[in-house]
Ligand code: F3S
Ligand code: F3S
């Protein structure tokens, strides 16, 4: 799977959503999350993110490896809805992100 990491937090550009052919990029309160089971590894989202927040899971920089779990944990409540557009904005985040200090960038 691909994952979204720290540069997305409090930025949420959303360009990635338009690119995903399977609509598996879901909107949380402070960042977006890729569904690890629904992502088909097409990679279309990765180059369009203006802050380079998206990585193939195995290529995630070490300092952001916690985001692999954070993307998966986001779906503890949601399960596998099979499409982000019908879910819309959830307004909540993975515990790891909810605890992340509000950025000054
Ligand atoms: Fe976030 Fe980049 Fe998508 S900032 S919402 S991962 S385009
Ligand atoms: Fe979609 Fe990106 Fe996966 S475009 S299928 S989330 S690699």
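Some points to look at:
- Given (1) within 11 Å of the chain's Cα centre (by Cα); (2) away from ligand 1 (no atom under 13 Å from the Cβ); (3) under 15 Å from residue 96 (Cβ atoms), number of the condition residue 28 does not satisfy: (2)
- Any hit, the stretch 15-24, residues being at negative phi, surrounded by fewer than 16 Cβ atoms within 10 Å (Cβ to Cβ), within 11 Å of ligand 1 (Cβ to nearest atom) and modelled with pLDDT of 95 or more: yes
- Sub-6 Å Cβ pairs linking a first residue in the stretch 41-56 that is without any contact (Cβ under 8 Å) to a residue 40 or more places away in the chain to a second residue that is part of a strand (DSSP E or B) and more than 6 Å from ligand 2 (Cβ to nearest atom), at least 6 apart or interchain, number zero.
Quick grid of which residues meet (1) surrounded by 11 or more Cβ atoms within 10 Å (Cβ to Cβ); (2) touching a strand residue (DSSP E or B) at 6+ places or on another chain (Cβ under 7 Å); (3) in a loop (DSSP other than H, G, I, E, B):
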site: 67; (1), (2), (3): yes, yes, no
site: 76; (1), (2), (3): no, no, no
site: 86; (1), (2), (3): no, no, yes
site: 92; (1), (2), (3): yes, no, yes
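- Residue 38 in contact with a helix residue (DSSP H, G or I) (Cβ under 6 Å, 6 or more places away or on another chain), without any contact (Cβ under 8 Å) to a residue 60 or more places away in the chain and over 22 Å from residue 63 (Cβ atoms): no
The values are calculated or read from the model by the stated rules, or taken from the named source; none is laboratory data. Just so we're clear, the structure is a prediction, and the values are computed from it rather than from any experiment. For neighbour counting, all protein chains shown are included, and Cβ atoms are generated from backbone atoms with ideal geometry for every residue, glycine included.
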